[in-house]
Amino acid sequence: MMGRLKQMLIKEFIQVFRDKRTRFILIGPPVIQMLVFGYAATYEIQHVPTVVVDLDHSQQSRELVSHFTSSPYFAVREQLTDSRELGDSIERGDATIGIEIHAGFAHSLLKGETAPLQVIVDATNSNTALIASGYVSQIALDFAQSYQQNRINRIAPQLTEMIPTVQLETRPWYNPELRSRWFFIPGIIGSLTLVLVITLTAFAVVREREIGTLEQIMVTPIRPAEFILGKTLPFFLIGLFDVSLIAVVGSLWFQIPFRGHVSILALGAVLFLLCMLGVGLLISTMSSTQQQAMVTAFFFIMPAITFSGFGFPINTMPQWLQYLTYLSPLRYFLVVLRGTYLKGVGMDVLWPQMAAMAGFGVVLLALATLRFHKALD
Amino acid sequence: MSFSWKRMYVIAKKEVVQILRDPRSLAIVIAMPAILVLLFGYGVNLDQKGLPMYVCDQDSSQQSQDLLKHFQASPYFKIVRVTSNIACVQGALDSGSAKMGIVIPWDFSKRLSEGGSVQVQALVDASDDNTANLLIGYTQGVMQSYSSEVQISWLRHHGQALQSTAINVETRTWYNEDLASSSFIIPGVLALVMSVIGAFLTSLTIAREWERGTMEQLISTPVSATEIMLGKLAPYFVLGMVDTVVCALIALYWFRVPFRGSFLTLLFSSALFMIVVLALGFFISVLAKNQFAASQIALLVTFLPAFLLSGFLFSIEQMPVPLQWFTRIIPARYYVSVLKKIFLKGTPAAMLSSDLIPLAFFALALTILATRAFHKKLT
């Protein structure tokens, strides 16, 4: 049996590495995707183009404007004199945020009334709009707070020392500088592995079938189990190679910390690869042409990535969809990836993820083997 | 030999028969736009509410209870557990069962009554920086309003009347009034769908002809190269346009994405983009020759850029400058920009020239490139 398996393995490796293009595809695209994705994927916002109209011309309004000018989140492009121009520059797309301070702003503050601050946000990109308006509110809050402090100092200077204030000290754990890349890179490692291994495996078997070499192999004394093992083992090894390649390139190039244990990540990767091989094989048993395999693979890949928590938070999805996310093996692998990279947690935290992936892996591979037997009969 | 519509028609018919022979692929291709729109419409929502938080209340006093009430009143937080054990909060952050932990020190109420400042700690799981950013902003809002309340009541207690100073930020969100992620995401899905149909499928079908040797058979017939190319691509063009309409209808009637521009402009720009991706797909298949290579290259040069570098999800202005330049050679960038303008802004067609001209240029250039490569391959 080992002899036959060995022959099969040799054949597979020759087939994969014979073609220059295929050889390139195993290394080039994953690395390119890693780099492009790493640079492109960010939810951070900086220097959002902003225009300001100050109709109050008071010391207070100027001070408020200066808070915006000095903030790294906003790039105040222009101070306009007319609120119509403000609308125009948003309409033209020159500015994403327009801030308008009405006449009487300082007066309202002085009287202790609530002073309005008019903000127009171009919400075509809802995420930028959401975060940017958060920062606007933050600046307004800070301004109001320090204004109030000044008033207290004025009316009751003897009390300022004693007045209670509650201060917030925020400690962003795992990613103290709140870098988007630290969040995305581990996710990209998982997603790229998923795409590569599934398409590779699905194609390999279907191709033999399409060209007709599958029948030829089946008339040899090889057993189905040996065939499946011989088909999957190379892709398992290639997958392992690629996952390591992507992980090393990603973490070194983008300088992502690795705080956990390599062996735990390796275990997670192995279990995840088993799941992906299972999916790939399953797709191949359901397809008779490569085009069909590709379309079916795509059909699985898109939801598997979208619902994994890779870039879109799971807790904002509708409840029924949240249950569905448990079906994506990537979901578990991402927890392992981020857990080992950023959090540095061990098996005590990650065992449910490992167990889930192991379970999926066994079920998927068993299903694929069963269906494969049937397909051959 | 002159171009014959009839011969082209025959090739197209053959292609249609081939498509129809594989009903599952056809079903998936027709269902694809619906699925992608539903996927992104439901799956992508970056506006987080009800984020799970733990509270480590080491004081458990009336005051700390008051502070917690402020958090409870906010829709952004959901207090999962109140404990006095800090290790419990750390464990929750490690395992991901809490996104934030608030630590109220044991001398919280004591310090408040004595006067002076007291610190409350917020431990935030920043492994997801976007969520962390939102959380920090919301927490600061809650804390400042609480602090201001404490101060006012304290002053009143000491015989000083002071109204709280507040600035009310009245935000008007244009183009996407309720900040719906779906309205921002879904228009761009059209570009994804077309990339899949246009480049992915065509590169596969044509690479298959090469792989199986049927392309040589075709060439040996009196059909010219241009006729083969147009005939092969025409059915996919129709399929892509049908999908565009399906996508637009689901967006409009299911997700209620606003549509403020003209439908004709949408069709026109979609047709342009379709030509771009079809030409690309054809070009790739000529180069790749085997289906696996073709599909991977198509993924790399059409789908991924449409996903990553088009402004579909990640805004181009926030990318590093060299990458911003690079996006200029990504056709999907212009198409996504047109889509967002047509759907959300209602920009008139005349003002879309800065996007449509590059698109038209790409359509022309890629068609020429693909035709040439095909001719060269044949001779």
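Please treat every number below as a calculation from the coordinates, not as lab data. All values reported here derive from a predicted model rather than from experimental measurement. Note that each Cβ is placed from the backbone with ideal geometry, even for glycine, and that neighbours are counted across all protein chains shown.
Overview of values
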read-out	value
Computed FRET value (nearest 0.05) for B:SER4 with B:ARG256, which takes r as the C-beta separation and R₀ as 56 Å	0.75
Stokes-Einstein D (µm²/s) once Rh is taken as the Kirkwood radius of segment A:1-66 over alpha-carbon pairs, at 20 °C in 1.002 mPa s	119
Burial ranking of peptide ranges A:170-176, A:347-353 (average Cβ count within 10 Å, highest at the top)	A:170-176, A:347-353
Of A:VAL52, A:VAL166, A:VAL249, the one that fluctuates the most in a GNM where chain A has Cα springs shorter than 10 Å	A:VAL166
Calculated on alpha-carbon atoms, Rg and Dmax of chain B in Å	29.1, 101
Diffusion constant of segment A:56-150 at 25 °C, which comes from Stokes-Einstein with the Kirkwood Cα-pair radius and 0.890 mPa s, µm²/s	175
Separation between Cα centres of segment A:132-195 and segment A:11-74, rounded to whole Å	22
Semi-axis lengths (Å, descending) of the ellipsoid that matches the C-alpha gyration tensor of segment A:3-120	61, 15, 10
Mean shadow area of the protein assembly as shown over all directions, Cα convex hull, nm²	34.9
Sequence of A:LEU192, B:LEU39 once ranked by neighbouring C-beta atoms within 10 Å, starting from the fewest	B:LEU39, A:LEU192
Spread of Cα-to-Cα distances over 10 Å intervals beginning at zero, given as percent, for chain A	4, 18, 22, 18, 14, 11, 7, 4, 2, 0
Selection of GluC sites (Glu not before Pro), segment B:119-199, meeting DSSP coil and at most 13 other Cβ within 10 Å	B:GLU177
Violating pairs (Cα-Cα greater than 31 angstrom) within the set A:LYS11/A:LYS374; B:LYS6/B:LYS377; B:LYS14/B:LYS341; A:LYS231/B:LYS13; B:LYS13/B:LYS340	B:LYS14/B:LYS341; A:LYS231/B:LYS13; B:LYS13/B:LYS340
Reachable lysines from B:LYS49, criterion Cα separation under 17 angstrom, eight or more residues apart if same chain	B:LYS69, B:LYS78, B:LYS99
Furthest towards positive pole of dipole, B:ASN85, B:ALA126, B:TYR146, structure part segment B:51-157, Cβ charges	B:TYR146
Proxy reagent accessibility, fewest Cβ within 10 Å first, across B:ILE206, A:ILE222	A:ILE222, B:ILE206
Principal-axis tilt of helix B:129-157 within chain B, Cα atoms, nearest 10 degrees	20
Number of partner chain Cβ atoms within 10 Å, mean per residue of B:181-188	3
Among A:PHE17, A:PHE183, A:PHE360, residue whose mean-square fluctuation peaks in a GNM of chain A (springs only between Cα atoms under 10 Å)	A:PHE17
R0 of 35 Å, Cβ-Cβ distance A:ALA75-B:GLU177: FRET efficiency to nearest 0.05	0.90
Ratio Rg/Rh, restricted to segment B:70-177 and using Cα atoms, in which Rh is the Kirkwood radius	1.03
GNM top mover of A:LEU237, A:LEU109, A:LEU282 - chain A, alpha-carbon springs below 10 Å	A:LEU109
Cα centroid of segment B:287-353 to Cα centroid of segment B:178-242, whole Å	17
On Cα atoms only, tilt of A:180-211 relative to the major axis of chain A in degrees	30
Structure-based [θ]222 nm, chain A - -39500 (n - 2.57) summed over DSSP H runs of at least 4, per residue, nearest 500	-22500 deg cm²/dmol
For A:ARG259, A:ARG338, A:ARG92, A:ARG151, order by how many other beta-carbon atoms lie within 10 Å, fewest first	A:ARG92, A:ARG259, A:ARG151, A:ARG338
Cβ neighbours within 10 Å from other chains - mean over B:45-57	3
Against the rule of thumb 2.2 N^0.38 Å, how large the Cα Rg of segment B:1-160 comes out	1.91
Test item: A:143-154 mean partner chain Cβ contacts at 10 Å	4
FRET E, pair B:VAL321, A:SER244, Förster distance 25 Å, beta-carbon r, rounded to 0.05	0.20
Rounded to 10°, Cα long-axis angle of helix A:290-306 versus longest principal axis of chain A	40
CD proxy at 222 nm, helix term only [per DSSP H run n ≥ 4: -39500 (n - 2.57); per residue of chain B; nearest 500]	-20500 deg cm²/dmol
25 °C / 0.890 mPa s Stokes-Einstein diffusion coefficient of segment A:123-185, Kirkwood radius on C-alpha pairs, µm²/s	162
